Amino acid sequence: MRTAITAGVAIMLLVASHLQEAFAQGTVFTYQGRLGQNGVPFTGVAEIAPTLWSAVSGGSQIATNIPPTIFLTVTDGFFTTSLDFGSAPFAAGAARWLQLGVRTTIAPFSVLTPRQPLTATPYAITAASLAGDGANLSSLSASNLASGTVPLARLSGITSNQLDAATWQFLVALASGTSGATNAPRVVTNGMVLIPAGNFIMGDTSDGAGNNVPTNVYVSAFYMDTNLVSWTQWQGVYNYAINHGYSLYWGAAKALNHPVQTVNWFDAVKWCNARSQQAGLAPVYYADAAFKLVYTNGEAEVFANWDAKGYRLPTEAEWEKASRGGWSAQRFPWGNTISQTKANYSGSTNNFSYDLGPNGYNSTGLVGGQPYTSPIASFPANGYGLCDMAGNLRQWCWDWYAGGSFTTVTDPHGPAKGADRVLRGGAWDSGADNCRCATRYSFVPTGKYNNFGFRCVLPAFH
C-alpha cells in the first residue's frame, strides 16, 4: 500500500487557532486539521513542516515553526498540534498565511495548497505591557514585566504552584532586585520541557561503580528536548546547515520517527549551531576563544560561549539531573528497577537483581533489523516529561571525561581538556547496569556508532 503523500493527493484541512489564557499565553497557538489521501481519511504517523508566508501565493517566507518539523499521530484523518512562530512575524500586524509540507515516508515534503490565512487571534501577543507597581493583580506573566523590582508585598497573593517554575523564579528575582527584563524566562514549548533549578546528588556508587562518586551539585534551570533528536528533525536542520556553509556527516536512522544515530560529537555540536541559526538564536559553539568564528566545519577544538542563548548539548550534570526526573537516590529515571516496558535495552535478569527483563533485546526495536532502536516516545516519560533517558541510544554531552567526582559544584562544565567526551543513558544493546542515571561512558569525539545519539538543551532565561 502506497503511503507517500504527493502533490496530486487531495488534502482536506480544517483550521482553528487559539492562544493560551492571558496569564501564560506566550506565542503558541493550536492547529487542528484533517488529512486525506486519495479521498480516504489517513491514519498513521505523518510529519508536517509549517512555515509562515506574506501572501496566499508567491510572496515571501516570513518564519519557520519552532521546531521546524512535527510528528503527528493521525487517526481517521484528524490531528491536533501546537504551532509557534514567535512574536516577530506578527509585530507589525500584517496578514499572514500558513503553509504546510507533509510526508509519511522518508521522501521530500509535499506542499499543501492553498495556504491557510491566520485570523487576528495571534496578534494578541502584541498586547500592551503592564505598568505600575503591581497592586491588586491576581496573576502575572514575567515576560510582560518591565525592568526594575516588584515589592515583595505585591507577590503575597501569588504562590509558586500557580506559575511555571521559570516565571516564579523570575518574579522572586525581581522582588529581590537581582534580575531585570533582559533575564526574563523564555517561552519554549514545542518539543522541550523545563528542568527546574536546584541541587541534586550527582553520582551513585551503590552498585560498585567507581567513576561517579556522589557530589552535591547545583544546576540552573534549563529546557531539554523531550525526545532524542529524530531522523526527520536531523534532516531538517541538516539541509539548512549544508546550504549555509556547514559540513556535516549525513547520519543514519531506521525510520522518520526513530532517533538519528551514527553521528559523532563534532556532528552533534555543529548541528546544534545550525539549529540555533535556523531558529534565529545566537550559536553557542565557536572555533576561536574570542567567539568570532562560528563553528561550522572540521573536527578541531571547540569553544563554548556559555552566555549565548542558542541550542547546545547538555552538560553531564544537566543530563543527570534531567534523567532523574525529580527523584533522588534511584537507579533509573523512574525508580530502582528496570524492565522492557520502561526502556529499550538488552535484558539480563540473571546478572542484575534489579533487571526485571525479559532477557535479550527489546521487542520494540526488533522490527527492521539492527540497529534495534525504537521509535521516539515509545516508553513512558520520566517525572520531568523526558523520554528515552535510559536505553535506545547513548547520548553525547558537552564534557570532557574525567573519573571521580566534580570539583565545581555549581553548573559544572567538566574538565578544560581531555581525550574522550562523555556519553550518558545506555542504548538498545546496553545491559541494565549501563542504563542507570549515574552510569558514565566515554569515547573519542570522532566516534560515530549506531548506538550513539543526542538531544539539545536551551537556557531557561533570555
Summed residue charge, Cβ within 13 Å of PHE200's Cβ, Lys/Arg positive, Asp/Glu negative: -3
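Rg/Rh for the range 267-416: what does it come to with C-alpha atoms and Rh from Kirkwood? Provide the component values of the computation, followed by the final result.
Numbers: Rg = 18.2 Å, Rh = 17.7 Å.
That ratio is 1.03, to two decimals.
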For the range 293-373, the spread of Cα positions along each principal axis, largest first, Å: 51, 36, 19
Rg followed by Dmax, in Å, when the range 22-125 is reduced to its Cα trace: 14.1, 43
Sequence-separation-based contact order of the range 22-125, relative, with Cα cut under 8 Å and 6+ spacing, percent: 32 percent
Spatially close lysines, pair count over the range 190-462: Cα under 30 Å, gap of eight or more or interchain: 20
Ordering of 295-308, 57-70 by packing [mean C-beta count within 10 Å, highest first]: 57-70, 295-308
For the range 190-462: rounded, prolate or oblate by the Cα gyration tensor [a/c cutoff 1.5]: oblate
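All of the numbers you see were taken from the coordinates with simple rules; none came from a lab. No experiment lies behind these values; they were computed from the predicted model shown. When we count neighbours, we look across all protein chains shown, and the Cβ atoms used for this are built from the backbone with ideal geometry, even at glycine.
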